[in-house]
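Shown next, in structure tokens, is the structure this report addresses.
Every number in this text was worked out from the coordinates using simple rules, so none of it is lab data. Bear in mind the structure is a predicted one, so any value in this text is a computation, not a measurement. Every residue, glycine as well, gets a Cβ built from its backbone with ideal geometry; the counts of neighbours run over all protein chains shown.
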Amino acid sequence: MTGQKGKKVLIIEDEAIIRTMCQRILNGDGIDVDVVNDGKEAEKAVARRNYDLLLVDIRLPGESGVEFYKWLVQEYPEMALKAIFMTGNIMDTETMSELKAIDRPYLLKPFRPAELKKIVTEALGQS
């Protein structure tokens with residue numbers, strides 16, 4: 001991930017194993033990573049810090065990833081363009097409809113480290 005060193009990424013994920021895996025992989029490539037468990041925590045993090053990229057789980061406790069994204073569009077529209085979604089729920093028609101309506105890149109869980117690195121590298125290269 002050449003050129004990604006020092007970039008700031010927020011991971012919004014309620015599953016500890018996925019959150020930790022993403023954080024380790026991205027930290028290993030020199031990316032500064034913050035992690036939160038839900039949409040409300042993510043709102044606070046975004047208000048405190050400008051991120052280069054947001055990795056957002058669609059299904060979160062409390063405020064969902066979609067609800068967080070709608071808040072982001074209203075409050076920080078430039079940061080909404082930096083969101084990548086994650087979901088393991090592709091069989092659910094509601095989830096797929098939400099992803100199509102949002103029209104942002106997404107990762108399907110489970111994903112391999114190489115897939116995470118690829119989508120992050122591509123997204124950070126555009127920022």
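Per the Kirkwood definition applied to all pairs of different Cα atoms, how many angstroms is the hydrodynamic radius of the chain? Each step should come with its number before you reach the end.
Values: mean 1/r = 0.0696 Å⁻¹.
Across the chain, the inverse of the average 1/r is 14.4 Å.
Return the lysines within reach of residue 117: Cα separation strictly under 19 angstrom, same-chain partners fewer than 8 residues apart disregarded; answer none if there are no such residues.
Residue 117 reaches 5, 7, 8, 82, 109.
Exposed loop sites here are trypsin sites (Lys or Arg not before Pro) in DSSP loop states with at most 11 other C-beta atoms within 10 Å. What is the longest stretch of the chain lacking them?
Working: sites that count: 5, 49.
Maximal segment without exposed cleavage sites: 50-127.
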